[in-house]
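Heads up, the thing below is written out as structure tokens.
Derivation of every value follows stated rules applied to the coordinates shown; laboratory data play no part. Being a predicted model, the structure only gives us computed values, none of them experimental. Quick reminder, even Gly has a Cβ in these numbers, built from the backbone with ideal geometry, and neighbours come from all protein chains shown.
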Amino acid sequence: MIDQFVVFTLKGQVLYHFNPQGRKLAENHINKVISHLITSPSKKEESGKYLLFKLDNFAAACFIGKQPPLVYLVTYAAQDLELNQEAEQVLDLGFGLWDSLKLNNSVLQNLSGKGVKNRHNYTWILEGCDSNLNKFDEYFRAKFSVIKPGKAKGKPSVEGNASKGSSLTGSKNNKKTVQNAKTRKWGRDGIIEETNVGDSSALDFSELNEEARASSLAEVDKEAFGTFTEKGEFLINEIDELLNKNKAEASKKGQSTGGAFGFLQKHLLGNKKITKEDLSKVLEKFRQKLISKNVAPEAADHLTSRVSQDLVGSTTANWTSVELTARDSLQKSLTEILTPGVSVDLLREIQQKTGKNGKKTPYIFSVVGVNGVGKSTNLSKLAFWLLQNNLRVLVVACDTFRSGAVEQLRVHVENLAQLTDEAHIRGSKNRRGKSGNDHIELFEAGYGGSDLVTKIAKQAIKYASDQNFDVVLMDTAGRRHNDPTLMSPLKPFADQAKPDKIIMVGEALVGTDSVQQAKNFNAAFGKERNLDFFIISKCDTVGEMLGTMVNMVYATGIPILFVGVGQTYTDLRTLSVEWAVDTLMS
């Protein structure tokens with residue numbers, strides 16, 4: 001049986017989702033498909049009009065439409081790279097039904113801007129489609145019930161005429177991948193390699209501008225994003241009720257137990273000298289709880305060991321059990337790990353540097369991370385925050401390896417230019433002949449090897465200084481943390497660019513592997529340089545499983561600057577340590 005059927009846009013907005021078991025959207029499957037499209041083109045094949053992928057523990061088949069540019073994706077369990085008959089039937093059903101209900105026509109009309117506009121003067125691409133979308137769901141479910149699972153006859157052929165197109169994650173990472181177009185990867189000797197050489201003109205994002213506006217600029221809520229201080233500084237809000245709904249329940253669970261035994265714990269127990277034997281079962285229980293929340297075993301062992309060192313030989317307070325005492329100690333240890341030990345007041349640092357000696361010296365950020373975590377998207381969120389503080393921002397395309405990376409940043413810069421100036425015309429050049437406007441601009445120099453990356457970085461810094469930019473935001477190529485060949489260029493890049501802050505984007509979904517990711521990236525810049533901050537993306541997709549936050553800080557001692565909580569430029573929050581600890585202990 002298939003795992004899920006999803007229809008989503010090139011900007012990553014999920015328009016329809018169906019799971020036979022009634023489960024929520026498996027967004028990590030979509031992310032893995034996109035990641036493998038980019039990094040492992042050899043692992044995909046064509047079967048007629050469908051693209052096939054065999055990933056870690058599931059297979060995927062998708063069709064990418066041209067007009068409108070929507071992605072129809074099915075994921076399912078499979079041992080080999082072969083098209084599941086049920087998956088093929090579901091794709092045929094979904095695409096045919098979507099078109100027959102004129103949903104494609106409605107989407108095209110809305111993308112053209114002719115639909116009803118919202119308060120931001122943009123049109124939601126499914127505006128006016130509620131009735132037909134309900135019919136689609138009703139008919140799809142009815143037809144799906146008669147589809148018989150099985151395998152398609154024969155093996156997929158690589159001679160099929162798969163449609164060109166691209167797909168993006170549900171987090172709007174804006175990654176574009178084109179079948180038969182150029183993709184880039186590192187060879188074992190560290191030299192860039194071209195694969196799937198074809199018509200790279202398909203990487204042009206110009207035809208996607210209307211959709212980019214509709215999906216990226218709609219629902220930009222500045223009030224939810226942050227507030228202005230009396231000094232006029234715009235500060236990002238702490239993580240809010242969007243992710244804090246379990247806080248009250250967690251607090252109740254931690255403070256109360258039911259029945260007569262609960263009464264004894266609260267009122268009759270206490271004044272007991274704590275031994276290792278007393279703590280053994282209690283700490284194992286807490287250890288398993290942490291691991292169930294994606295905390296790595298080594299981090300969980302460290303935390304429970306600290307509790308043991310803190311409590312063995314001490315005496316419980318009046319009316320307090322050993323378990324409640326251990327719980328309080330564990331909460332204290334988690335709080336200490338997640339609380340930043342350095343200043344996170346970046347605005348003050350930026351103001352101090354840019355105003356030094358009466359001449360503007362731009363403040364430089366470099367954003368790094370593994371493939372697919374959302375580096376470019378979170379860089380754009382940072383840019384939006386800086387723009388709210390009236391800082392001039394230069395975005396630098398230093399990812400010269402991934403096809404479409406420069407075009408992706410151009411879309412973001414165009415979006416941000418429009419948000420700062422409604423009169424900005426998409427696709428137009430500013431007075432310096434570059435993408436953007438006077439508030440935000442893109443510095444680009446095409447694609448190439450690691451020598452080009454360093455060259456672009458140095459040229460961009462000089463340009464930013466000459467043109468009086470306040471901040472430089474450097475995007476970098478995603479790289480596997482366990483591949484020394486891919487990691488080695490980071491040190492010379494940092495040595496040449498000399499960024500004021502290096503920020504690693506980590507993904508809340510990644511779980512225990514985040515320990516090694518954080519360690520490897522932190523060590524990649526040499527003994528004299530480390531990471532400065534983490535941004536943890538996709539925190540809105542993991543519920544209570546926030547272990548990645550603990551893992552990355554535990555592994556390196558590097559604090560978390562922001563957390564990503566959604567798909568728009570305002571979905572960035574500062575970390576509430578109290579919220580994170582309560583969620584992990586619930």
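Close amide-amide hydrogen proximity is noted between THR570 and ASP221, each under 5 Å apart and 5 or more residues distant or on a separate chain (H modeled in the peptide plane; Pro and chain starts excluded).
Between the listed residues TRP319, ILE337, SER280, the Cα displaced farthest toward the positive end of the dipole of region 273-338, a dipole computed from Cβ unit charges relative to the Cα centre, is found at TRP319. Spatially, region 390-405 and region 1-31 are offset by 30 Å when compared through their Cα centroids. Note on region 506-586: with charges restricted to the Cβ of Lys and Arg (+1) and Asp and Glu (-1), its dipole about the Cα centre is near 300 debye.
Across region 312-317, coupling constants 3J(HN,Hα) worked out from phi with the 6.51/-1.76/1.60 Karplus curve, θ = phi - 60°, read 4, x, 8, 10, 5, 6 Hz, and Gly and Pro carry x.
Take every Cα-Cα pair in region 273-338 and report what % of them are more than 17 Å apart. Please list the in-between numbers first.
Details: 721 of 2145 pairs.
More than 17 Å apart: 34 percent of the Cα pairs in region 273-338.
Rounded to whole numbers, the Karplus 3J(HN,Hα) couplings from phi for region 532-539 are 10, 8, 10, 10, 9, 8, 6, 5 Hz, using 6.51 cos²θ - 1.76 cosθ + 1.60 with θ = phi - 60°, and x at Gly and Pro. Sorting GLU233, GLU336 by the number of Cβ atoms found within 10 Å of their own Cβ, with the fewest placed first, yields GLU336, GLU233. Taken about its Cα centre, region 491-539 carries a charge dipole of roughly 80 debye when the Cβ of each Lys and Arg holds +1 and the Cβ of each Asp and Glu holds -1. 3J(HN,Hα) couplings calculated from phi for region 87-93 with the Karplus curve 6.51 cos²θ - 1.76 cosθ + 1.60 (θ = phi - 60°) are, in sequence order, 4, 4, 5, 5, 5, 4, 4 Hz; Gly and Pro show x. Amide hydrogen proximity for CYS398: with H placed 1.01 Å from N in the peptide plane, the residues at 5 or more positions away or on another chain lying under 5 Å are ASP475.
Residues PHE144, PHE469, PHE53, arranged from fewest to most other Cβ atoms within 10 angstrom of their Cβ, appear as PHE144, PHE53, PHE469. Only beta bridges with both residues in region 346-577 are counted; by DSSP, about 15 percent of them are antiparallel. Summing charges over neighbours of GLN496, with a neighbour being any other residue whose Cβ is under 15 Å away from its Cβ, gives +2 when K and R count +1 and D and E count -1. The H on the amide N of ILE560, modeled in the peptide plane, is under 5 Å from the matching H of PHE534, each at least 5 residues off or on a different chain.
What ranking do LEU52, LEU324, LEU235 get, fewest neighbouring Cβ atoms within 10 angstrom at the top? Don't jump to the answer; show the numbers that get you there.
Numbers: LEU52 23, LEU324 20, LEU235 16.
Fewest to most other Cβ atoms nearby, the residues stand as LEU235, LEU324, LEU52.
Think of each Lys and Arg Cβ as +1 and each Asp and Glu Cβ as -1; about the Cα centre, that makes the dipole of region 273-338 roughly 140 debye.
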